[in-house]
């Protein structure tokens with residue numbers, strides 16, 4: 001009888017120990033860590049040509065059951081949630097139009113609320129961690145500012161050329177540029193590629209009427 005009593009006590013202790021370990025595992029809390037994003041900043045021209053980011057890297061001790069990249073505007077409004085680096089590098093930022101985007105990385109546990117396009121990243125609630133952000137600048141096309149004229153000519157068979165036109169190109173933005181001559185209804189009459197070509201145009205040959213001179217930048221060709 002004594003031997004049976006001792007074995008019963010031993011088995012009882014093992015049961016208590018096993019139950020205690022299981023309870024401790026249920027209480028473990030994971031603190032997400034998103035790490036560090038490196039890359040950029042990126043500067044794109046919104047011109048109809050695709051603009052993708054590349055060369056972004058993630059580093060650090062990353063933890064969390066779920067993950068995603070997060071794209072917001074500069075006010076934190078969520079624009080997109082590419083799940084992987086490959087998906088992020090496939091985003092065409094030209095489609096977003098002029099403005100500023102921020103790229104983040106997030107690690108989080110189940111139950112996170114507010115992680116959806118149209119929501120604001122500052123309103124997320126749950127167990128999560130956001131990395132630092134990388135900036136994507138999206139600048140619109142800008143043809144600059146031209147000065148000169150107005151010019152008044154008499155259509156008399158004599159050559160009439162403009163001169164003294166200047167272009168302030170301090171804010172010109174775009175991969176391609178040209179000059180454009182239109183009538184007063186914006187119908188295109190000529191496309192001289194350079195200012196020298198503009199000054200070589202004989203406006204007497206256009207006959208009576210009004211012409212307008214423009215400088216433009218453009219993307220797709």
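The values are calculated or read from the model by the stated rules, or taken from the named source; none is laboratory data. None of the values given here were measured: they were computed from a predicted structure. Ideal geometry is used to build each Cβ from the backbone, glycine not excepted, and the neighbour counts take in all protein chains shown.
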Can you tell me which residue in the range 194-221 is modelled with the lowest pLDDT, limited to those that are loosely packed, with under 11 Cβ neighbours inside 10 Å and either at negative phi or within 41 Å of the chain's Cα centre (by Cα) (or both)?
-> 221
Might you check whether a residue that is within 11 Å of the chain's Cα centre (by Cα), assigned by TED's automatic domain parsing to the domain that holds residue 67, crowded, with 16+ Cβ neighbours inside 10 Å and in a loop (DSSP other than H, G, I, E, B) occurs anywhere in the range 85-95?
-> yes
Determine if the range 157-167 includes at least one residue that is assigned by TED's automatic domain parsing to the domain that holds residue 209, without any contact (Cβ under 8 Å) to a residue 60 or more places away in the chain, in a strand (DSSP E or B) and surrounded by 10 or more Cβ atoms within 10 Å (Cβ to Cβ).
-> yes
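Being within 34 Å of the chain's Cα centre (by Cα), farther than 30 Å from residue 70 by Cα and not in a loop (DSSP other than H, G, I, E, B) narrows it down to one residue among 178, 135; which is it?
Exactly one of 178, 135 is within 34 Å of the chain's Cα centre (by Cα), farther than 30 Å from residue 70 by Cα and not in a loop (DSSP other than H, G, I, E, B), namely 178.
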